[in-house]
Amino acid sequence: MSKLLVSTTVNGDAQEFLCDPGATLLEALREQLGLTGSKEGCGSGDCGACTVVLDGNMVCSCLVLAAEAEGRQVATIEGVAEGSMLHPVQQKFLEHGALQCGFCTPGFIVAAKALLDHNPAPSESEVRYWLAGNLCRCTGYDKIVRAVMDAAAQLRQERMPA
Amino acid sequence: MNAPSDQKTFRLVGTRPIRPDGIEKVTGKAIYGPDFVAPGMLHGAVLRSPHPHARIRGIDTRRAEALAGVKAVVTGADFPGGAEGTVAGGETPTDLKYASIKCMARDKVFFEGHAVAAVAATSAAVAEEALKLIAVDYEVLPHVTDIEEALRPGGPILHDDVFTQGLAETPTTPSNASLRFAMTRGDAEQALGAAVEVYTGRFTLQPVHQGYIEPHACVASWQADGQGQIWCSTQGHFSVRAMTAGILGMSIASIRVMPLEIGGGFGGKTTVYLEPVAMLLSRKAGRPVRLAMQRGDIFRASGPAPGAVIDIRLGALADGTLSGADIEFKYNGGGLPGAYEVYSGVMSTLSCYRVPDANVVGWNVLTNMPTVHAYRAPGAPQTYFAVECAIDELARRLGIDPIDMRLRNVLRPGDTDGRGMTLGAIGYAETLEATKAHPHYAAPLGPNQGRGIACGSWGNYGGPSTAAVSLAEDGSILVTEGNPDIGGSRAAMAMMAAETLGIAYEKVRVTVADTSSIGYSMGTGGSRTTFATGMAVVQAAEAVIEIMKQRAAQMLGADAAGIEWRDGAAVLGEQRLSIAEIAAKSGMTGGPISAEAAIHPGGFLPGFGAHICDLEIDPETGHTTVVRYTALQDVGRAIHPDYVEGQIQGGAVQGIGWALNEAYVYDREGHLDNAGFLDYRMPVASDMPMIEAVMIEVPNPDHPYGVKGVGETPIVPPLAAVANAVRDATGLRIGDLPLSPDRIYARLQAAE
Ligand code: FES
Ligand code: FES
């Protein structure tokens, strides 16, 4: 079976890669582009460790074919910080100790940022339901939810007209 | 909330700085097990048995070997025979013979998913293709996955050469009961006969998985000179080294294991499944080989915690004194002998209460499911579930507050625990008093709600650790240790080093070194790392201080005995030499400054937790929602409170999952029906309330900063806390886990 050439945009940069027709976007990101920040916890859409944003929509990259990225915008954990400036969600994860092993963390951060991009003032239960597709086995979610709520508060403050 | 019994204050211990490895982990840069790539690496894949129990008549790999791109195929025949002895593998030793068979079946498969062959090829797709070309000739055998069925005479026997250990007389017929272990003190029967109330009950639990999100993965590289390298994520890279060497007949020093970041373990990553296989493939192929498990393989073929059947009789006097206990439990050990949960289960069953007359018997029962492996406080949550439910019932019958009942029986300093250790500065009673005083305990409950209390304890451990502290040329500090950082331990090590040296936290960099770059360190497990490795770091830092005092004396032309170490500097009267100044001159005062501590400390103390669970039950569906949860724990002293609270919260939620949802479900054919995260339902964020973690600080006098292990205790109380809350809400004592909606609904219907 011959490979497909895919031209896409990842974190703002034009990228091209060759992939098998059956390859997932997660495989292409990790194996072809060397972006191993997106993790595979299950490969079946159940853990959220592979969460990326595709044309503005949060998706499990293990459920998207690599070929589907053709001509589209992919945003991954590697693009969340601006240069060496952490995004408030990342900063708050650190300040709240919201990671233990950190394996679920990229998926949570991409998902939480996607939430706050849509909804600057989520309630605790909105945060919990938005993040219900992301599994964390270490933290019991308490500090993750607090970090996201705190990041939302900080972003609201930053966005307030001076 | 926190009431340290000694008022020593610290500059850094007890503060919450950002962990040193944090930025890498929030930006996706950290390299975990599945992320590592070696130049020229091949991709491996493992063929696994579709049968839970079968004899392997033969394996034909010729067609796979002939496939273009396939560089190596291995089967059980490639493993050297005769691997024997045990290796310290974390909390429990590992039997090499069975560790080897667990990696690759020989003449029999013992569970669905048991590895039978492996392939290395130029791509993952070719490797998968090659697996389809391997022909395995199986003679399918009758199987058994249930504990009681496995003990029924005439049923399938897994191993012809396993005879029950621990019986008075050595048996002559093989048995699935591989081990009996008992603890007896006093006269349980007499005490139960004299008790005012005796609760008699049976409790059952299903196997549950550790559920780490990172799959097992490794890269192994064998060289023609017989040296090997392994990159993997593990709780203990020294035991990966020893197990791989032992299984393959290599010398330990010829293998170097590089620990990658680890994405959760909870005890489950204290063994090897892949590394020896990858090493054999690499030896055949002459190139590095990556092996990784898929999630389904992880459920089917890596160690869950044992399911259990527990019979208990617990007696109490009118004042609530627990007077006698008779407990017999059977753990589902899975396909291969060697599980140690029965030992720890027996020793921890009554480990936090004085019960003068007790008889505790545990059995390990082999069945056709994956061989169980350590899961957070291995062996303890199951028996505590039975004991804490029984205490709840006795407290109800006697009309005693459940916390008062426990306070009456709980161990105090000077008492002896289930392992026969006399305990020093334990804070069990303090924790219970704080639980009683917590506003949660007095808060009103809503309709259909109930409240449960339960306790739990775990013995903790010390174990061997090595750490080195050295000065860089500018006086910044390097700490090198051998324990993978699974939940913030680099931060704790840096804090303890900086506290000891009297310098800023940011001046210290911590490296988790590979097996050739630091001395032996037992794995990250047993709630030992902050305690034992932390102690090694402190001792190495103290040794470095001594060296720096001598160097300062030379620089000042004074006697070292007159020099004091204060706030990160050598001080003599008005004169002061900073670490940077001492480091800058080290070339002229005797060379580089560094020290290592290699220790095996005693002095560890057990952990104790008390949990309060409020839940609400929907009578229409039997669905349970945890509405409030508070977990109190004697933590010794918290070095970095965020990561101590995190352990308590995470352990509590794992325990809640065990109580409410999680279970291995086998179908009649012995196939695991729920080998994925969709059907093996672990708690998600929307299932849980905030988990209030309350740290009770009763410092351990045998640790320089008062540390007690914290990681394992918090999974022990939740099973009974949840079940006792269900009892409170419904009046039903349900002794079978999980307390799933269908089970609760059926019991509610039956009760009507
Ligand atoms: S790896 Fe994609 S959801 Fe788990
Ligand atoms: S921090 Fe380990 S899985 Fe979330």
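Within segment A:23-38, restricting attention to residues that are in contact with a helix residue (DSSP H, G or I) (Cβ under 6 Å, 6 or more places away or on another chain) and without any contact (Cβ under 8 Å) to a residue 40 or more places away in the chain, the residue that is most open to solvent (accessible area, probe 1.4 Å) is A:Thr36. Pairing residues of segment B:122-138 that are more than 13 Å from B:Val73 (Cα to Cα) with residues that are crowded, with 18+ Cβ neighbours inside 10 Å and small (Gly, Ala, Ser), at Cβ distances under 6 Å and at least 6 apart in sequence or on separate chains, gives B:Tyr138/B:Ala54. Within segment A:62-75, restricting attention to residues that are open to solvent by less than 10 Å² (accessible area, probe 1.4 Å) and over 10 Å from A:Leu26 (Cα atoms), the residue that is nearest to ligand 2 (Cβ to nearest atom) is A:Val74. Considering (1) without any contact (Cβ under 8 Å) to a residue 60 or more places away in the chain; (2) within 14 Å of chain A (Cβ to nearest Cβ); (3) not in a helix (DSSP H, G or I), the lone condition that B:Ser686 does not fulfil carries the number (3).
For segment A:115-155, residues that are outside any helix (DSSP H, G or I), small (Gly, Ala, Ser) and within 12 Å of ligand 2 (Cβ to nearest atom) total 1. On the basis of being within 14 Å of chain A (Cβ to nearest Cβ) and either at negative phi or open to solvent by less than 20 Å² (accessible area, probe 1.4 Å) (or both), does B:Gly519 make the cut? No: the conditions fail for B:Gly519.
A search for C-beta distances below 6 Å between a residue of segment A:121-143 that is at the interface with another protein chain (Cβ under 7 Å from one of its Cβ atoms) and crowded, with 24+ Cβ neighbours inside 10 Å and any residue that is basic (Lys, Arg) and part of a helix (DSSP H, G or I), counting only pairs 6+ apart in sequence or on different chains, returns nothing.
May I ask you to list the residues in segment B:689-707 that are assigned to a loop (DSSP other than H, G, I, E, B) and more than 9 Å from chain A (Cβ to nearest Cβ)? Passing the criteria: B:Glu697, B:Val698, B:Pro699, B:Asn700, B:Pro701, B:Asp702, B:His703, B:Pro704, B:Tyr705, B:Gly706, B:Val707. Kindly provide the set of residues from segment B:586-609 that are aliphatic (A, V, I, L, M) and either under 30 Å from B:Tyr428 (Cβ atoms) or touching a helix residue (DSSP H, G or I) at 6+ places or on another chain (Cβ under 6 Å) (or both), ordered by number. Selection gives B:Ile593, B:Ala595, B:Ala597, B:Ile599, B:Leu605. Are any of the residues in segment B:514-528 in contact (Cβ under 8 Å) with a residue 24 or more places away in the chain and not in a loop (DSSP other than H, G, I, E, B)? For segment B:514-528, residues in contact (Cβ under 8 Å) with a residue 24 or more places away in the chain and not in a loop (DSSP other than H, G, I, E, B): absent. The C-beta contact set for segment B:566-592 (first residue closer than 15 Å to B:Ala553 by Cβ, second residue among the hydroxyl-bearing types (Ser, Thr, Tyr), distance under 7 angstrom, 6+ apart or interchain) comprises B:Ala569/B:Ser578. Take residues that are away from chain A (no Cβ under 14 Å) and either over 22 Å from the mean Cα position of the chain (by Cα) or within 30 Å of B:Ala358 (Cα to Cα) (or both) and tell me which of the strands (runs of 3 or more DSSP E) falling wholly in segment B:186-299 contain 3 or more. Those strands (runs of 3 or more DSSP E) span B:197-205, B:217-222, B:228-232. Among the residues of segment A:1-22 satisfying the criterion of being surrounded by fewer than 21 Cβ atoms within 10 Å (Cβ to Cβ) and of a type in the set (A, V, I, L, M), which is farthest from the other protein chains (Cβ to nearest Cβ)? The residue in question is A:Ala14.
For segment B:73-91, the candidate set comprises residues that are open to solvent by less than 30 Å² (accessible area, probe 1.4 Å) and within 25 Å of B:Arg376 (Cβ to Cβ); within that set, the residue that is modelled with the highest pLDDT is B:Val87. Taking the conditions exactly as written (among the charged types (D, E, K, R), surrounded by fewer than 23 Cβ atoms within 10 Å (Cβ to Cβ) and within 14 Å of chain A (Cβ to nearest Cβ)), does B:Asp667 satisfy them or not? So B:Asp667 does not fit the description; no.
At pLDDT 95 or above, surrounded by 14 or more Cβ atoms within 10 Å (Cβ to Cβ) and assigned to a loop (DSSP other than H, G, I, E, B): is that true of B:Val119 in this structure? For B:Val119, the condition - at pLDDT 95 or above, surrounded by 14 or more Cβ atoms within 10 Å (Cβ to Cβ) and assigned to a loop (DSSP other than H, G, I, E, B) - is not met.
Looking across A:Val52, A:Val59, one residue alone is over 20 Å from B:Asp21 (Cβ atoms), in a strand (DSSP E or B), open to solvent by less than 30 Å² (accessible area, probe 1.4 Å) and within 13 Å of ligand 1 (Cβ to nearest atom). It is A:Val52. Just one of (1) among the hydroxyl-bearing types (Ser, Thr, Tyr); (2) open to solvent by 10 Å² or more (accessible area, probe 1.4 Å); (3) not in a helix (DSSP H, G or I) fails for B:Thr500. It is (3). In summary, A:Ala151 fulfils each of the numbered conditions (1) open to solvent by less than 40 Å² (accessible area, probe 1.4 Å); (2) of a type in the set (Gly, Ala, Ser); (3) away from ligand 1 (no atom under 16 Å from the Cβ); (4) within 22 Å of B:Ile31 (Cα to Cα) with the single exception of condition (4). Of A:Gly45, A:Gly97, all but one fail to be away from ligand 2 (no atom under 16 Å from the Cβ), among the small types (Gly, Ala, Ser) and closer than 25 Å to B:Gly265 by Cβ; the exception is A:Gly45. Under the condition of being of a type outside the set (Ser, Thr, Tyr), open to solvent by less than 50 Å² (accessible area, probe 1.4 Å) and not in a loop (DSSP other than H, G, I, E, B), the residues counted in segment B:127-176 number 6.
Reported count of residues in segment A:89-114, each being in a helix (DSSP H, G or I) and either facing chain B (nearest Cβ under 9 Å) or crowded, with 21+ Cβ neighbours inside 10 Å (or both), is 17. Scanning for something out of contact with any Lys or Arg (no Cβ under 7 Å at 6 or more places or on another chain), within 29 Å of B:Gly113 (Cα to Cα), more than 16 Å from ligand 1 (Cβ to nearest atom) and open to solvent by 10 Å² or more (accessible area, probe 1.4 Å), does segment B:215-233 turn up at least one residue? Within segment B:215-233, one or more residues are out of contact with any Lys or Arg (no Cβ under 7 Å at 6 or more places or on another chain), within 29 Å of B:Gly113 (Cα to Cα), more than 16 Å from ligand 1 (Cβ to nearest atom) and open to solvent by 10 Å² or more (accessible area, probe 1.4 Å). Note on segment B:608-646: among residues that are of a type in the set (D, E, K, R) and in a strand (DSSP E or B), the one that is nearest to the other protein chains (Cβ to nearest Cβ) is B:Arg628. For segment B:21-67, a residue qualifies if it is more than 14 Å from chain A (Cβ to nearest Cβ), acidic (Asp, Glu) and within 33 Å of the chain's Cα centre (by Cα), but none of them does.
The values are calculated or read from the model by the stated rules, or taken from the named source; none is laboratory data. Not measured: the values here are computed from a predicted model. When we count neighbours, we look across all protein chains shown, and the Cβ atoms used for this are built from the backbone with ideal geometry, even at glycine. With ligands, DNA and RNA removed, areas are computed over all heavy atoms of the protein, side chains included. Shrake-Rupley method; radii C 1.70, N 1.55, O 1.52, S 1.80 Å.
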